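So the structure is just underneath, and the comments pick up after that.
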Amino acid sequence: MSDPGVPEGLATTLALVRSRLGADSIDRLWIFPPMTRGRRERGLVAISCFAEKERRRLFTAAYQARRSGLDLGVDPELVEQGLAPVDSLARVMAGVVRRESLQLGDPREIVIGGDAAALDGLVAELEERVRVQGL
């Protein structure tokens, strides 16, 4: 049986990203597979935001989440990492995967394109998964 993790962690983190950056500024997201141990989870989301025609501002949103009984704790942290050329983003994400010693897998890439409905839909999808699992 795999560790259940804390699925609320990702939904909470993306809600923070949406409120701090605004959906209209977000080009795309990369959601990396979380590391789970029982009811503890650490995860990472990379965010590409529109900046200039050929460049994007890169952010990371790392989170730690834990559940004990009815007690839930989610601690997300949003950090700006700098600017990168649009055509280098795939290589940057592949480099993150290569450097990850735990080999958790490739990230899920989601194109937002500045569309609030796309980001809202993703957050709703994640919140629905939490409800379905009865958490």
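Would you please name the residue that is nearest to P76 (Cα to Cα), looking only at residues in the range 1-17 that are small (G, A, S) and in a helix (DSSP H, G or I)?
Restricting to residues being small (G, A, S) and in a helix (DSSP H, G or I), the top hit is G9.
Check whether at least one residue in the range 107-123 is farther than 16 Å from V45 by Cβ and either of a type in the set (V, I, T) or modelled with pLDDT under 90 (or both), and report yes or no.
no
For residues that are open to solvent by 40 Å² or more (accessible area, probe 1.4 Å) and closer than 19 Å to D120 by Cα, scanning just the range 45-77, find the one that is modelled with the highest pLDDT.
Result: F50.
If you check V6, V17, which single one turns out to be in contact with a Pro (Cβ under 9 Å, 6 or more places away or on another chain), among the hydrophobic types (A, V, I, L, M, F, W, C) and under 18 Å from D120 (Cβ atoms)?
Matching residue, one of V6, V17: V17.
Scan the range 118-135 and tell me whether some residue there is touching a Ser or Thr at 6+ places or on another chain (Cβ under 9 Å), of a type outside the set (F, W, Y) and over 22 Å from D24 (Cβ atoms).
Among the residues of the range 118-135, not one is touching a Ser or Thr at 6+ places or on another chain (Cβ under 9 Å), of a type outside the set (F, W, Y) and over 22 Å from D24 (Cβ atoms), which makes the answer no.
Going residue by residue through the range 22-32, is there one that turns out to be without any contact (Cβ under 8 Å) to a residue 60 or more places away in the chain and surrounded by 17 or more Cβ atoms within 10 Å (Cβ to Cβ)?
The answer is no; no qualifying residue exists.
Considering the range 7-44 alone, what residues qualify as being touching a strand residue (DSSP E or B) at 6+ places or on another chain (Cβ under 7 Å) and among the charged types (D, E, K, R)?
Of everything in the range 7-44, those that are touching a strand residue (DSSP E or B) at 6+ places or on another chain (Cβ under 7 Å) and among the charged types (D, E, K, R) turn out to be E8, R20, D27, R28, R39, R40, E41, R42.
Residue by residue through the range 78-104, note down the ones that are modelled with pLDDT of 90 or more, exposed (fewer than 15 other Cβ atoms within 10 Å of the Cβ) and either of a type in the set (A, V, I, L, M, F, W, C) or under 18 Å from the mean Cα position of the chain (by Cα) (or both).
V79, E80, Q81, G82, L83
The values are calculated or read from the model by the stated rules, or taken from the named source; none is laboratory data. Small disclaimer: the values here were computed from a predicted structure and weren't measured. Here the Cβ is made from the backbone with ideal geometry for all residues, glycine too, and neighbour counts use every protein chain on show. Just so you know, the surface numbers come from the protein's heavy atoms only, side chains and all, with ligands and any DNA or RNA stripped out. Shrake-Rupley method; radii C 1.70, N 1.55, O 1.52, S 1.80 Å.
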